[in-house]
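The values are calculated or read from the model by the stated rules, or taken from the named source; none is laboratory data. Just so we're clear, the structure is a prediction, and the values are computed from it rather than from any experiment. Please note: Cβ atoms are built from the backbone with ideal geometry, for glycine as well, and neighbour counts cover all protein chains shown. Accessible surface is based on the protein model in full, side chains and every heavy atom, while ligands, DNA and RNA are left aside. Shrake-Rupley method; radii C 1.70, N 1.55, O 1.52, S 1.80 Å.
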Amino acid sequence: MMFYEDHGSEVFFQPGRSDYLVITFSELTQRPNGRTFWGSVPLQHLGIPAVGFVAKRARWFADTFVRRALAAARPKMEGYARRITYGFSMGAYGATRHAGVLGAQTTIACSPQWTIEPAKLQGIGQPFARHFREDKHVGMELTSYPADGRLYLLYDPYDRHDAWHADRISEHIAQTVRVPMPFVGHGSVRPFANTTLMALLIEAARSHDDELVRRAARHARRKYSGREELVMKARAARSNRF
C-alpha cells in the first residue's frame with residue numbers, strides 16, 4: 001500500500017471501485033506507521049480509490065517538504081480525471097495548497113489554517129504558530145486555487161481561530177464555499193466519522209452541489225454526539241461575560 005517514503009513523508013495508494021480519486025493529507029497528531037493514512041479505513045469501506053500523504057513532521061506540507069512526494073504520486077493518479085483533495089487542520093492546509101499541482105477540481109478542507117507564520121497572525125494567539133520555521137513557511141499563505149474548482153471550507157464560526165482563518169482564506173480564494181458548522185469546535189471533521197455521512201459529503205462536493213454540501217454538514221452536525229457539550233460550554237462562557 002505504501003509506495004513512497006522519504007525523511008518527511010509516507011505516500012500510499014489504495015485501490016477502489018469509483019472512477020474518481022480522493023487524495024488525503026494527514027492531520028498533525030497522526031503518527032506514520034507505514035501501514036495506514038488519514039481516511040484510509042472509511043474510504044476503503046466506501047470503495048473509493050485514494051492516495052494518502054502522511055507527514056512525518058509538523059511541517060504543514062510546505063512546498064519544499066513534499067515536492068518529491070507529490071512527484072512520486074502523479075503516476076498513481078493517472079486514469080482518474082476527477083480528483084478530490086481532503087484533509088483536516090494541517091491536512092486541510094495541504095489539501096488546499098496542493099490541489100492545483102495534483103489536478104484536483106474539488107477540496108474538502110476541515111478547519112484549515114491560512115498560515116502559521118506568527119507575523120501574519122495579527123495577534124490572535126494561534127496555537128499552531130509554534131511549529132513555524134522560517135526556512136520552510138515564509139510565504140505559506142493560501143492565495144491560489146484552480147480557477148474552475150471548488151474549495152469547501154468547513155469550520156465552526158464560533159471558534160475564534162478557525163473563523164479568522166476562514167475569513168483570510170475566503171478573502172484570497174474566490175472559489176471558497178464556506179460551510180459553517182456551529183458548535184463543533186476545531187474538530188469540524190468529527191461529525192463525518194460515520195461512513196455514510198462521509199460518503200454523502202464527498203458525493204455532494206464532487207458534484208459541486210453547494211447547497212447539498214451545506215445540507216450534509218447540517219445533518220452531520222445535528223447527529224454529532226459531542227455537539228451538545230460544546231453548545232453548553234459556549235453558553236456558559238457567554239454567561240460568564242455578563
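Rolling a 1.4 Å probe across all protein chains gives Arg206 an accessible area of roughly 60 Å². Pairs of Cα atoms nearer than 8 Å and 6+ residues apart set the relative contact order; for the range 138-181 it is 49 percent. Under 5 Å from the amide H of Val177 lie the amide H atoms of Leu151, Tyr152, Leu153, each residue being 5 or more positions distant or on a separate chain, with H modelled from the backbone and absent for Pro and chain starts. Using a probe of 1.4 angstrom and keeping all protein chains present, the accessible surface of the chain works out to 45 square angstrom per residue. Placing dummy labels 7 Å off each Cα toward the beta-carbon, the span from Arg222 to His7 is 5.2 nm. In percent, what relative contact order does the range 1-142 have, based on Cα pairs under 8 Å that are 6 or more apart in sequence? Contact order relative to length: 24 percent. Eigenvalues of the alpha-carbon gyration tensor of the chain, scaled by 5 and square-rooted, set the equivalent ellipsoid semi-axes at 27, 22, 17 angstrom, largest first.
For the range 133-184, the fraction of 1.4 Å probe accessible surface lying on carbon and sulfur atoms is 45 percent. Residues whose amide H falls under 5 Å from that of Lys56, counting only those 5 or more places apart or on a different chain, are Ser9, Glu10, with hydrogens built in the peptide plane.
Calculated over the range 61-101, the projected area of the Cα convex hull averaged across directions stands at 2.9 nm².
When the surface is traced with a 1.4 Å probe over the full set of protein chains, Lys120 keeps roughly 70 Å² accessible.
Largest first and in whole Å, the equivalent-ellipsoid semi-axes of the range 42-152 read 25, 15, 14, each the square root of five times a Cα gyration tensor eigenvalue.
Per the Kirkwood formula applied to alpha carbons, the range 1-77 shows a radius of gyration over Rh ratio, Rg over Rh, of 0.94. Counting lysine pairs in the chain that sit 8 or more residues apart in sequence, or on different chains, and whose Cα atoms lie under 25 Å apart gives 4.
Consider all pairwise Cα distances in the range 177-221 and report the whole-number % of them above 17 Å. Roughly 24 percent, once rounded to a whole number. For the chain, the 222 nm mean residue ellipticity estimated from helices alone, with every DSSP H stretch of n ≥ 4 adding -39500 (n - 2.57) and the total spread over all residues, rounds to -11000 deg cm²/dmol. For the range 121-173, the share of alpha carbon pairs falling in successive 5 Å distance bins from zero is 4, 15, 23, 25, 19, 10, 3 percent. Each Cα pair under 8 Å and six or more residues apart adds its sequence gap; the mean of these over the residue count of the chain is a relative contact order of 15 percent.
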